[in-house]
1. Determine if region 23-45 includes at least one residue that is modelled with pLDDT under 85, open to solvent by 100 Å² or more (accessible area, probe 1.4 Å), under 18 Å from residue 157 (Cα atoms) and assigned to a helix (DSSP H, G or I).
2. Could you tell me which residue of region 57-89 is surrounded by the fewest Cβ atoms within 10 Å (Cβ to Cβ), considering only residues that are assigned to a helix (DSSP H, G or I) and among the polar types (S, T, N, Q)?
3. Name every residue in region 102-133 that is in contact (Cβ under 8 Å) with a residue 40 or more places away in the chain and hydroxyl-bearing (Ser, Thr, Tyr), in order of residue number.
4. Just one of the numbered conditions (1) in contact (Cβ under 8 Å) with a residue 24 or more places away in the chain; (2) under 22 Å from residue 13 (Cβ atoms); (3) not charged (D, E, K, R) is not true of residue 86; which one?
5. Filter region 139-168 down to the residues that are open to solvent by 80 Å² or more (accessible area, probe 1.4 Å) and either under 18 Å from residue 6 (Cα atoms) or modelled with pLDDT of 85 or more (or both) and list them by number.
6. Can you find a residue that is assigned to a helix (DSSP H, G or I), among the acidic types (Asp, Glu) and exposed (fewer than 12 other Cβ atoms within 10 Å of the Cβ) anywhere in region 3-13?
7. Which ones in region 90-138 are under 20 Å from residue 165 (Cα atoms), buried (at least 17 other Cβ atoms within 10 Å of the Cβ) and hydrophobic (A, V, I, L, M, F, W, C)?
8. For residue 22, indicate whether it is in contact (Cβ under 8 Å) with a residue 40 or more places away in the chain and either over 23 Å from residue 117 (Cβ atoms) or among the aliphatic types (A, V, I, L, M) (or both).
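The values are calculated or read from the model by the stated rules, or taken from the named source; none is laboratory data. The shown structure was predicted, so the numbers you read here are calculated from the model rather than taken from an experiment. Cβ placement follows ideal geometry from the backbone for every residue including glycine, while neighbour counts extend to all protein chains displayed. Ligands, DNA and RNA are excluded from the accessible area calculation, which covers all protein heavy atoms including side chains. Shrake-Rupley method; radii C 1.70, N 1.55, O 1.52, S 1.80 Å.
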Amino acid sequence: MNDHQAILKVMKEWRCNSKAYAKIYLFACCVCAFISLVCGLDVLTKHNETGSLLFFTSALICTFFLFRRYKNKRHNIKQVRFTTKAVYIEKLKLDISYLKSVEYIRTLKNSDNSIISIEFSMTFFPNTLVKDNVHFYMEFGKILFGTSEKYDYQRRFINVLKVLAKARREQLKKHQN
């Protein structure tokens, strides 16, 4: 029971920030769309303005590509949340016992080399709700761990999830017998 209290304390410091990475592309897409609108209005009010037409065309193309990138990010990178018994993927609740593995992908850092977030990928045992890998970004609070750059957040995160999944599978086996 004491181990569960420590796990719950650690879990309070976890925060999924996957939506933030998709919103960056949406913001850039909106800026390009605004530039495209302004240049398009300039082309309509003045005739034979090749510079405005060139800016309008390039901004429109950038808007299209950034919107596609935004949609890809929103489709591939999911917002997740964890409890001791469940994994919430977007609006979907899945028992944590289905968790097969969690893999570290990469660490994203600021310009001052401090950790912003860490990208992970989860795989699940066969089930009807989730069939593919789930990619997500996590932020970890520094209250419990200090500001140490050498602390291995990803290994601790993966180990905690493995312990929770294993404990949940054992609990479900006891209830079945």
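1. no
2. Taking region 57-89 first, the residues assigned to a helix (DSSP H, G or I) are 57-76.
With the extra rule that they be among the polar types (S, T, N, Q), the set shrinks to 57-58, 63, 72, 76.
Numbers: 57: 14, 58: 14, 63: 20, 72: 12, 76: 14.
Here the residue is 72.
3. 104, 107, 117
4. (1)
5. Taking region 139-168 as the starting set, the residues that turn out to be open to solvent by 80 Å² or more (accessible area, probe 1.4 Å) are 142-143, 147, 149-150, 155-156, 162, 166.
Listed by number, the residues that qualify are 142, 143, 155, 156, 162, 166.
6. So in region 3-13, the residues assigned to a helix (DSSP H, G or I) come out as 3-11.
Keeping just the survivors that are among the acidic types (Asp, Glu) gives 3.
Okay, now just the ones that are also exposed (fewer than 12 other Cβ atoms within 10 Å of the Cβ), so 3.
Yes, there is a match, as at least one residue in region 3-13 is assigned to a helix (DSSP H, G or I), among the acidic types (Asp, Glu) and exposed (fewer than 12 other Cβ atoms within 10 Å of the Cβ).
7. Those that are under 20 Å from residue 165 (Cα atoms), buried (at least 17 other Cβ atoms within 10 Å of the Cβ) and hydrophobic (A, V, I, L, M, F, W, C): 94, 96, 99, 102, 120, 122, 124, 130, 134, 136, 138.
8. Numbers: in contact (Cβ under 8 Å) with a residue 40 or more places away in the chain: yes; either over 23 Å from residue 117 (Cβ atoms) or among the aliphatic types (A, V, I, L, M) (or both): yes.
Yes: the conditions hold for residue 22.
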